[in-house]
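Readers should treat all values here as calculations from the given coordinates under stated rules, not as data from a laboratory. What you see is a predicted model; the values in this text were computed from it and never measured. With ideal geometry, Cβ positions are generated from the backbone for all residues, glycine too; neighbour counts draw on all protein chains shown.
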Amino acid sequence: MYYMFGASNDRPSPGALNYLQWRAILDFKEQGVKCHSLVGCRINVDRDSKYHDIQTFKKSFGGELVEGYMFKNTERSWMYSLFTAARRLRHPGKGKYSDIIDQEIHKWTDLNQSTGISAG
């Protein structure tokens, strides 16, 4: 099972999200599902970022953190341009789109220099 997107209102009842997620884990386990993935987290996040709280929530269920890789496929840059244009139409005023790679690439200066990747 994959938990792809989740959110809460500004003031949820204490423990409500944790209980909802735990109940889902138990229900799917009862149905024979062997893996419940909270789909990614950012390892070594800044403590003052919103991702720190997301990371803490995901770790609270006792799962294993598995290090992976991030990449962008630039083979079809016209599709990415189409995506960003559609995003600007749907969300005007939100500024330039940045994905997780744009937000995190500054942390890997050694890798960026050896591959010629630009962090800008």
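What does the charge count around Lys72 come to, taking other residues whose C-beta lies under 14 Å from its C-beta (Lys +1, Arg +1, Asp -1, Glu -1)?
-3
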Label of the coordinate-derived value, Cα extents along the principal axes in Å, listed as [x] 47, 36, 32; [y] 55, 27, 16; [z] 40, 36, 24: [x]
Give me the extension gain from Arg47 to Leu65: residue separation times 0.36 nm, minus the current Cα-Cα distance, reported in nm with one decimal. 4.7 nm
With springs connecting C-alpha atoms under 10 Å apart, model the chain as a Gaussian network and identify which of Ala86, Ala24, Ala16 has the largest mean-square fluctuation. Ala86
Of Lys34, Lys50, Lys94, which has the largest mean-square fluctuation in a 10 Å C-alpha GNM of the chain? Lys94
Lysines with Cα under 19 Å of Lys59, excluding same-chain neighbours fewer than 8 positions away: Lys29, Lys34, Lys50
Most exposed first, judged by fewest Cβ atoms within 10 angstrom, Glu104, Glu64, Glu30 run Glu64, Glu30, Glu104
Whole-Hz ³J(HN,Hα) from phi, Karplus 6.51 cos²θ - 1.76 cosθ + 1.60, for segment 15-29, glycine and proline x: x, 4, 5, 4, 5, 4, 5, 5, 5, 5, 4, 5, 5, 5, 4
Once Lys and Arg are counted +1 and Asp and Glu -1 for all other residues with Cβ under 15 Å from that of Ala24, the total becomes +2
